[in-house]
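Colleague: I have a structure here, written as structure tokens, and I will follow up with some questions on it.
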Amino acid sequence: MTTQHTPPEITMTTRTDDSRKRLAVTARAVIKAPRSEIFPLCCPVREEDWIDGWSRATYDLVFSESGFNEKNCIFREGFTKRLFFGEEGPTTWVTTVHEPTEFALELLLIFGDIAVLNRKVRLDELDTHATACDCTDTITLLQGTLSDANLATLEMKMKGFLHFTWNTLRHYCETGEVLRALPTSVWRRVRRERM
């Protein structure tokens, strides 16, 4: 059984532009592992190792010459569009920058004709056993603008997605085990008990 572990301290900042078409969330987490071990895990195939429930049944690797993440790697999954916008359909991920020697990665997420998200990831070694993981997600609507309520909701979802990613990755890197998600039935019971 996997033991739960204290969530990492994750710092986040948010910014939006005057057009209300763009929202950016930046997160920094510190993971007690060398960046040379973390970087290869930023890959749809290697995510099978550390994300509970992630498997070839949940994503489609459209293109990769090596079979792993690389520049111009493309994969699709059906979770992120539903999470951010409540709509069914695939999100297409395209790796636009993949620099293993610089520990830098950029991905473009395409949510059909709704929005695009640019994810920039940089891993910086703090000492021999810790890495600062910086990620900026900038989402741009392709049509319309964000109302105050929609802006707040999207910001919350983006922060939650980054928090989940860093928590899950941190747990795997520091324990060698997958952080198991609670079954939906447990979450429902917890919510009822809080009411």
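Values in this text are rule-based calculations from the coordinates and carry no lab data. Since the structure is predicted, the reported quantities are computational estimates derived from the model, not experimental observations. FYI the Cβ positions are ideal-geometry reconstructions off the backbone, even for glycines, and counts take in every protein chain you see.
Colleague: Would the stretch 41-48 turn up any residue that is touching a Lys or Arg at 6+ places or on another chain (Cβ under 6 Å) and over 15 Å from residue 123 (Cβ atoms)?
Modeller: no
Colleague: Of the residues 88, 106, 125, which single one is in a strand (DSSP E or B), among the acidic types (Asp, Glu) and without any contact (Cβ under 8 Å) to a residue 40 or more places away in the chain?
Modeller: None of the other options fit; the residue is 106.
Colleague: Just a yes or no: is a residue in the stretch 54-63 buried (at least 16 other Cβ atoms within 10 Å of the Cβ), touching a Pro at 6+ places or on another chain (Cβ under 9 Å) and hydroxyl-bearing (Ser, Thr, Tyr)?
Modeller: Yes - at least one qualifying residue is present in the stretch 54-63.
Colleague: What number of residues within the stretch 129-161 are surrounded by 12 or more Cβ atoms within 10 Å (Cβ to Cβ), in contact (Cβ under 8 Å) with a residue 40 or more places away in the chain and polar (S, T, N, Q)?
Modeller: Residues meeting the conditions: 4.
Colleague: Next up: Assigned to a helix (DSSP H, G or I) and more than 14 Å from residue 29 (Cα to Cα): is that true of residue 162 in this structure?
Modeller: So residue 162 does not fit the description; no.
Colleague: Restrict the check to the stretch 58-81 and report whether at least one residue is touching an Asp or Glu at 6+ places or on another chain (Cβ under 6 Å), within 22 Å of residue 151 (Cβ to Cβ) and either among the aliphatic types (A, V, I, L, M) or not in a loop (DSSP other than H, G, I, E, B) (or both).
Modeller: Within the stretch 58-81, one or more residues are touching an Asp or Glu at 6+ places or on another chain (Cβ under 6 Å), within 22 Å of residue 151 (Cβ to Cβ) and either among the aliphatic types (A, V, I, L, M) or not in a loop (DSSP other than H, G, I, E, B) (or both).
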